[in-house]
Amino acid sequence: MNKLKVFISGQKYFGQQIFDLCNAMEGVEIVGVCTPLGDKYIGKTAKLFDVPIIPAGLLNGDTMPEGVDLGITAHSFDYIGKKTRYKPKYGWIGYHPSLLPRHRGRSSIEWAIRMNDAITGGTVFWLNAGIDRGDIAYQDWCFIEPKLLIEKPSKAASILWQDKLLPMGVRLIEAALIDISKGILIKNPQDPNVSTFEPNTDVKDVFKPDLLMIEQYGCPST
């Protein structure tokens, strides 16, 4: 049985978790990673296993290795361009910590908390040209415990990520790898009628008016 050859673009702890997952799966082979130079997680682990590294910002259709079956984003801030997306045999999958198409965007967990959502979740989806707009492959959900809603949103988001959404992402990507290695590709289009997109809460100078609106008036329209 031929192994599923994967390329991972990612960083930090989640990137390492996906690397460790792929490295432990008998039917999966990691043929390369893209990560920032000096990354202490996936970058360090890739070096230990002699996996080729492309520095973040330099990944494109020319620099990506040949013969890749599947690309995976794991806490990646690199844009995966069209030529790069089409180079692997099956394309690229990524994990987004929300129930897509709700809460597209980089601060999805914090916005679920700011909007007092009772339920959130995670989605493995197929990358396309849009931001978090690709076809859905796998989803799972979890409750947002009321006690989190009294915390500072950024702190609550961090707790929810570590306790629920990060391990959920690992499980969902594992399910995807098992199916894709068998040639099973699940692709369900997102429903644009229920989609939302919110700005990155970390960029205060750009999105401060939006954040002030939340503090004064509650949830914005989406």
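The values are calculated or read from the model by the stated rules, or taken from the named source; none is laboratory data. Values in this document were obtained by computation on a predicted structure and should not be read as measured data. With ideal geometry, Cβ positions are generated from the backbone for all residues, glycine too; neighbour counts draw on all protein chains shown. Note: areas computed on protein heavy atoms with side chains; ligands, DNA, RNA excluded. Shrake-Rupley method; radii C 1.70, N 1.55, O 1.52, S 1.80 Å.
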Which residues qualify? For Gly61, with a placed amide H closer than 5 Å and at least 5 residues away or on another chain, they are Thr84
Please arrange Glu66, Glu198, Glu145 by accessible surface area, largest first, computed with a 1.4 Å probe and ligands excluded. Glu66, Glu145, Glu198
How much length, in nm to one decimal, is gained on full extension between Gln162 and Ala129, taken as 0.36 nm per residue of separation minus their Cα-Cα distance? 9.0 nm
Note to self, the chain gives a 222 nm [θ] from helices alone (DSSP H runs n ≥ 4, -39500 (n - 2.57) apiece, / all residues, nearest 500) of -9500 deg cm²/dmol
Can you list the lysines whose alpha carbon sits under 27 Å from that of Lys89, skipping same-chain ones fewer than 8 residues off? Lys3, Lys5, Lys12, Lys47, Lys182, Lys187
List the residues, sorted by chain then number, that are 5 or more residues from Cys34 or on another chain and whose placed amide H is less than 5 Å from its amide H. Ile8, Ser9, Gly10, Ile54
Using Cα pairs under 8 angstrom and six or more residues apart, how large is the relative contact order of segment 4-198, in percent? 20
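Stokes-Einstein diffusion coefficient for the chain at 4 °C in a medium of 1.567 mPa s, Rh from the Kirkwood formula over Cα pairs: what value in µm²/s?
It comes out at roughly 72 µm²/s.
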Cα gyration tensor, segment 17-100 - rounded (a/c under 1.5), prolate or oblate: rounded
Modelled label-to-label distance, Trp141 and Lys89, 7 Å Cα→beta-carbon offset: nm? 3.5
Overall dimensions of segment 70-132 by Cα: Rg and Dmax, Å: 12.8, 40
Evaluate the distance, in nm, between pseudo-label points positioned 7 Å from the Cα of Asn23 and of Asn193 along their respective Cα→Cβ axes. 4.6
Any idea how far apart Lys40 and Thr63 come out in nm if each label point goes 7 Å out from Cα toward Cβ? 2.4
Starting from the amide H of Ser107, placed 1.01 Å from N in the peptide plane, find each other amide H under 5 Å away whose residue is 5 or more places distant or on another chain. Thr201
Spelling out what I want: for every residue of segment 55-60, take phi, set θ = phi - 60°, compute 6.51 cos²θ - 1.76 cosθ + 1.60 (Karplus), and round to whole Hz; glycine and proline get x. x, 3, x, 10, 7, 7
Could you order Ile186, Ile113 by accessible surface area, starting with the largest, using a probe radius of 1.4 Å? Ile186, Ile113
Rounded to whole Hz and in sequence order, give me ³J(HN,Hα) for segment 69-84 from the Karplus expression 6.51 cos²θ - 1.76 cosθ + 1.60, θ = phi - 60°, writing x for Gly and Pro. 8, 8, x, 10, 9, 9, 6, 9, 9, 7, 6, 9, x, 4, 4, 6
Largest first, what is the accessible-area ranking of Arg114, Arg85, Arg102, Arg133 with a 1.4 Å probe? Arg133, Arg102, Arg114, Arg85
